[in-house]
Amino acid sequence: MKKLWKDKDLLRIIGGGLLLIAGFIVKIATKDHASAKYAVPIVFAVALLVSGLEVFWEAIRGIFKGQLLDETFLMSIASVGAFIIGEYAEAPAVMLFYLVGEYFEHRAVRRSRASIKTLMEINPDRALVSRDGEEVEIDATDVKIGDTVVLRPGSRVPVDCTVVSGNADINTAALTGESLPVAAYAGTALQSGVIVMDGVLYAKADRTSETSAAARVLNLVQEASDRKSRQENFITGFARVYTPIVVGLAVLVAFLPPLFICLSRGGFDGAVLREWVYRALMFLAVSCPCALVISVPLAFFGGIGGAAGQGILFKGGCSFDSLAAAKIAVFDKTGTLTKGAFSVTEVRPADGLGKDEFLRLVSSAEAHSTHPIALALRAGAPDAPAAENVREVPGKGLLAVVGGREVAVGNLALMADIGADVPAGTEGIYVARDGKYIGAVSIADTIRPGTVPALSELRHLGIRETVMLTGDAEAPAKKIAAAAGIDTVKAKLLPEEKYAALEDLMSRTHEKVMYVGDGINDAPVLARADVGIAMGGIGSDAAIEAADVILTTDAPEKIPLARRIAKKTLRIAEENIVFALFVKIAVMVLAATGVLSLFAGGMWVAVFADVGVALLAILNSLRTVLYPPKPCCKANEAPAANA
């Protein structure tokens, strides 16, 4: 009840409705009394003022702002005009029907905004900071710029910050789509939302919670209406032309036929003028373009909200157009088509050391580690005994004692620390024993479980060709492409070469192209494509600036889902346009020709036709947020033929 009294729009509707009912009661009660001459119009006038005072004020403000012919102006003229010609009950009815339509519109917008805000739950609520030599847990919103944030293993970074001291591997998969863990050390910039895997980091806060990654995405989605779709731009231009035309036609309907009739009869007839003015007011009431100017943008806003609830961020209505029309899908490889579950692809022990012995040595050293790379290395010899005195070196690797000898497994930085000489040109995970290099292991990323069905579904949705552009070596790129079903592969590309390859593809095919990447290294290509999709790019400035669509998870099945949401949203917007124009034109013709006048309270019918169309169009638009498409297949299933 307390919430009800805070809803001013609903109170106006209820108050105006009760006064309208009171007007009918007074009209019936004073039917045979002289007081009815004054009592009835007074009650209906009060009902009109209660329900329409704010609309009248908005219409007046619009006149001074040069917005003379908006929907508030049309509704004000229709209701006041009906009252002047003596249709006292229909005047507040016009306004009430309009307010009901507006109320449902606002409710729909609030609902889609709420669906967007649920997405922000990934943002951490708490933060551990160091103040006056003590570690204190506070609300993430209370972190100030310059605060020292303490990040322990398993914690999620609460605000954008820069590492001051410490070394650790961080998991950026939810933000950038990068499959490999990233080493963080002094000077490394961290986006809010990334997870510390090992080690302890001390970082200086660069932004507050309100301006960090998750908050920036929320603002991005809420402001997406600035980038209009083709349908929204059509409605905006159409309303500018349509409204003045219908107002002019209403004036002609009101005065031109009565003029000819009076001239033909040789004298002024007030009843004739009243009848045609009444028709013009009905014509004006039903002509209000609110069904179009509300429902079409609402369809796109609902589409944005419904998609956001599934982890898909559209940066505006224009993104729906481009994604739905795309015929070619271009993909990055690492972090896009592949995941972070690595496997050993090559073992290169030094001379004199057997492959099996080498793998057991590596597996023993990694026996206690939970690092993703360690899991892949242990798979080579799962029964190897655990090492002793294991020491992890965050961001570099580990040291352990195996069979009484010290073994080091890690990157070049670790080899340099222990003085092991690695042969030039050697790549992979390096292994040393007692400070001497003894071999290397190559590991490779593996294809994501949902990649194959996602690409198959994209083909069912009209994608004609798939292409991979990657900076990876040709052999692993072709292997991943073959497993995923990619048509064309271009490997060993630098960022500028990848950009040039996309330019060449777009110029040759003249088709709409969608590009899917990680949103950081691929920023130029994401920006150049007709529609750029950043997978897992929620925390990346590059992704937010360059991409048109952002997937907050690395699930490949979200790509065809985003395309189906785009197609459904466009279809609903076009349905609203056709339905609203057809009904409005039909009822406007009936009003101008006097057919509506044959019904008791023709103005009611006209307004109901206008508001009814608006409500039906709004309800149709709500399908985008209430019933968005769902992924049609699981990660390891192929899509249905009619997907």
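The values are calculated or read from the model by the stated rules, or taken from the named source; none is laboratory data. Predicted, not measured: the structure shown is a model, and the values here were computed from it. Here the Cβ positions follow ideal geometry from the backbone for every residue, glycine too, while neighbour counts run over all protein chains shown. Accessible surface areas use protein heavy atoms only, side chains included; no ligands, DNA or RNA. Shrake-Rupley method; radii C 1.70, N 1.55, O 1.52, S 1.80 Å.
Numerical summary
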quantity: Estimated inter-spin distance, Y202 and I84, nm [label 7 Å along Cα→Cβ]; calculated: 7.7 nm
quantity: Burial ranking of peptide ranges 559-569, 191-201, 484-494, 390-400 (average Cβ count within 10 Å, highest at the top); calculated: 559-569, 191-201, 390-400, 484-494
quantity: Percent accessible area from carbon and sulfur atoms, the stretch 332-427, protein chains only, probe 1.4 Å; calculated: 48 percent
quantity: FRET efficiency, L256 to K144 (Cβ-Cβ, R0 51 Å, nearest 0.05); calculated: 0.15
quantity: Per-pair calculated FRET efficiency, R0 = 45 Å: R391 and E496 via Cβ, rounded to 0.05; calculated: 0.60
quantity: Under 5 Å, built H, 5+ apart or other chain: amide partners of I447; calculated: K339
quantity: For A186, residues with placed amide H under 5 Å, excluding near neighbours; calculated: G166
quantity: Pairwise label distance in nanometres, E465 with D504, each label 7 Å out on the Cα-Cβ vector; calculated: 1.2 nm
quantity: Spin-label zone in the stretch 428-443 - amide nitrogen under 18 Å from a point set 7 Å from the Cα of D351 along the C-beta vector; calculated: 433, 436-440
quantity: Per residue, in Å², the accessible surface of the stretch 419-463 once ligands and nucleic acids are set aside, probe 1.4 Å; calculated: 39 Å²
quantity: For V330, distant residues with modelled amide H under 5 Å away; calculated: V467, M514, Y515, V516
quantity: Fully extended contour minus Cα-Cα distance, from S264 to T426, at 0.36 nm per residue; calculated: 48.0 nm
quantity: Efficiency of FRET from Cβ geometry, A482 and V589, R₀ 51 Å, rounded to 0.05; calculated: 0.25
